[in-house]
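Below is one structure, written out as structure tokens; the observations come after it.
Throughout, read-outs are computed from the coordinates displayed, never taken from laboratory work. Computed from a prediction, not measured in an experiment: that's the story for all the values here. Here the Cβ positions follow ideal geometry from the backbone for every residue, glycine too, while neighbour counts run over all protein chains shown.
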Amino acid sequence: MQHLAAEKRNAEVRATLSRADRAALQDEPEAVLAALFSQLHRRDAVVTQGANPLAQTAVDAWFAHTGGPTLHPLQASAEACAAIAAGMALRIHDKAVVLSEAETERRAQPVVVALLRGFPPLVSVLQLIEQHELALVLVTSGEPESRADAQRRQMSTGVPVMPVDRTDGVAVCRVVQECLLRARNGWGGAIIHAAHVPGAQNPLALMRQHLQKRGLFDAVGVDQIGHG
């Protein structure tokens, strides 16, 4: 996380981006990206809405010597990016269907992840996920929804919606792990809603507190937070 947070301040990186992508860079939840890329596999794929240099930084950090998941930056709306990601997941699903049951059980299913800006309705994409149990994880962002809006969204789809404080690295890791496990085992996709929680702390500070409570901070050291 510390490495990703530093990359946000990299003037050379910012200079290569459009105004919209620069604004999105500042809003990228480094705790979410750290949790996500630390648990992805090389055969996975990641669709990003617009340029996302932090995603490439995360790949370079976690897959420096092995080659990481393929990144697909798209200059399109959140709905369009989600639809393209669903198409990729559908191809993986169709390929898995022709494999024998033994072959399917031997290999964890590749997962497609879509990093979206905002939290659109995603109606058609959610229908595809439900119909085919696609290994697709949609990572959305934005303010926490009201209880009424959250209930309406939950009732409109059988796809799990997992809200999480985007600054809480421990909570994010647990949610990401659950969603990826679900997708890899053929149980279908999920939505991770990385919410802006009012008054939330810096994600590095929260992780430091978590480690200190368990007596791990001194052994790990501040420079190692987010790299384990």
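Points worth noting:
- For the stretch 20-87, the Cα-based Rg and Dmax, in that order, read 11.9, 34 Å.
- Converting phi to 3J(HN,Hα) with the Karplus coefficients 6.51, -1.76 and 1.60 and the offset θ = phi - 60°, the stretch 39-52 yields 10, 7, 10, 5, 7, 6, 9, 10, 9, 10, 7, x, 5, 9 Hz in sequence order, with x at every glycine or proline.
- Between the stretch 53-82 and the stretch 23-37, the alpha-carbon center distance in angstrom: 11 Å
- Distance between the 7 Å Cα→Cβ label points at S124 and R91: 1.8 nm.
- Electrostatic dipole magnitude of the stretch 115-157 [Cβ: Lys, Arg +1; Asp, Glu -1; Cα centre; debye, to 20]: 100 debye
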